[in-house]
Amino acid sequence: MTAITIEDLRELARRRLPKALFDYVDGGAHDETTLEANREDLRRIAFRPRVLADVGARSLETELLGVKQALPLVLAPAGNAGMLSRRGEIAAARAAEKAGIPFCLSTMSIVSMEDVAAGTTRPFWFQLYVMRDRGLTRRLVERAQAAGASALVFTADLPISGQRDRDLRNGFTVPPRITLANLLDVLRHPRWVADVLLGPRITFANLADRSARSSDIISVARHVALNFDPSISWKDIEWARSIWRGPLIVKGILSAEDARLAARSGADGVIVSNHGGRQLDGAPSTISVLPAIADAVGDRLTVIFDGGIRRGTDVLKALALGANACMIGRAFLYGLAALGEAGVARSIEILKTEMDTSLALLGRRSVAELDRDCVATQR
């Protein structure tokens, strides 16, 4: 099967992964209404194209946090990415590096930040979960700084983990619920077994041997699940700002009020995100709140859009409504699961081609020319 679209990569990923793991990537919280709204609300936005605009020369280049990059994309942080493909975080970081865009490493990565740094030449971003143990949290920040991370992404929307019904049904929990059905399903996916289960030891490498008495993945996951800190507040943004040298971005912003608080707390940017519909079901779609947030802080902060990107046209819509760049999560994870590093590269190339074609048909020569005149009212 040739992957022409992100949906093609999704189908390849579905075939290659055990069901529980595919559903972990693909699913959302509760009834998945927010997950669906992220996609549906993007679809409802119509373009307002102009013609005879001389689009013979076009550019998708942009600048993000003072750094020029080839495309207005960032690979989003994703826990367990290394379970989709052997040393998956390094594979994704290398694909991003070759494409000239940032890669953001999750606290809950299977590969450590030091190994990602050793396996690439371009600085990565590091996404931080704040733990009850502030000493551990500080050490993570210090390690990220030492590993050369160029930006710190503070995730604000996970004081506790949301309920994902697919994971509960599949036994993809901490600890996992092992059944004959899911064991047989794993055995029906020998390519994944050979690549991942028979590969290097699987654990949350940034936290193993540091946060739990045992370093196996289940013990570390159990420890972390008990140690997400529901008491985090804006003071923790100020604290992170005090110990981090470099751009600080707050992820999980869904209101103009919180965006303004992020600016006052010392952030350099915000990520408009509902965690891919994986936390609070019933939260608004990210595209529906993006314009108000961009109006509130776009002159002071970098605004990054996250949620529902499956087409290059989705990226252009978000940029037109005020985003400086877009994070892609599932879009590249499907590629990683399907084809490893080549699949991530293919997902980026698909979006790049779609962005370039649509930019021309929209009558614009660069992403810098995208503004609200490019979009009509929602259909």
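Any residue in the stretch 172-181 that is modelled with pLDDT of 90 or more and either within 27 Å of Thr302 (Cβ to Cβ) or within 21 Å of the chain's Cα centre (by Cα) (or both)?
So far as the stretch 172-181 goes, no, none of its residues is modelled with pLDDT of 90 or more and either within 27 Å of Thr302 (Cβ to Cβ) or within 21 Å of the chain's Cα centre (by Cα) (or both).
When you look at Ser255, is it at pLDDT below 95 and among the polar types (S, T, N, Q), yes or no?
In short, no.
For Phe124, which of the numbered conditions (1) more than 27 Å from Gly298 (Cα to Cα); (2) free of Cβ contacts under 8 Å to residues at least 40 places away in the same chain; (3) of a type outside the set (S, T, N, Q); (4) buried (at least 24 other Cβ atoms within 10 Å of the Cβ) fails to hold?
(1)
Exactly one condition in (1) more than 26 Å from Trp192 (Cα to Cα); (2) in a helix (DSSP H, G or I); (3) of a type outside the set (Lys, Arg) is not met by Gln163; state its number.
(2)
Can you list residue pairs whose Cβ atoms sit under 8 Å apart, with the first residue in the stretch 324-348 being within 13 Å of Ala76 (Cα to Cα) and the second being among the acidic types (Asp, Glu)? Count only pairs 6 or more apart in sequence or on different chains.
Short answer, once both residue conditions are applied: Cys326/Asp306; Cys326/Asp314; Met327/Asp306; Gly329/Asp306; Arg330/Asp26.
Just wondering, is there one or more residues in the stretch 303-316 that are within 21 Å of Ala259 (Cβ to Cβ), out of contact with any Leu (no Cβ under 9 Å at 6 or more places or on another chain) and of a type outside the set (A, V, I, L, M)?
Yes, the stretch 303-316 contains a residue that is within 21 Å of Ala259 (Cβ to Cβ), out of contact with any Leu (no Cβ under 9 Å at 6 or more places or on another chain) and of a type outside the set (A, V, I, L, M).
Mind checking which strands (runs of 3 or more DSSP E) fall wholly inside the stretch 33-77 and carry at least 2 residues that are touching a helix residue (DSSP H, G or I) at 6+ places or on another chain (Cβ under 7 Å)?
45-47, 73-75
Going by what's in this entry, would Ala95 be described as surrounded by fewer than 14 Cβ atoms within 10 Å (Cβ to Cβ) and touching a residue at least 24 places away in the same chain (Cβ under 8 Å)?
Criteria not met by Ala95.
Could you tell me how many of the residues in the stretch 107-116 are among the polar types (S, T, N, Q) and buried (at least 24 other Cβ atoms within 10 Å of the Cβ)? Walk me through it before giving the result.
Our first condition is that a residue be among the polar types (S, T, N, Q); within the stretch 107-116, this holds for 107, 109, 112.
When the remaining residues are screened for being buried (at least 24 other Cβ atoms within 10 Å of the Cβ), the result is 109.
So the count comes out to 1.
Out of the stretch 85-103, which residues are under 19 Å from Leu207 (Cβ atoms) and either in a loop (DSSP other than H, G, I, E, B) or among the aromatic types (Phe, Trp, Tyr) (or both)?
Listed by number, the list holds a single entry, Arg87.
Of the residues Ser242, Ser233, Ser255, Ser219, which is of a type in the set (Ser, Thr, Tyr) and within 18 Å of Phe126 (Cα to Cα)?
Ser242
The values are calculated or read from the model by the stated rules, or taken from the named source; none is laboratory data. Worth saying up front: this structure is predicted, and the values here are computed from it rather than measured. Quick reminder, even Gly has a Cβ in these numbers, built from the backbone with ideal geometry, and neighbours come from all protein chains shown.
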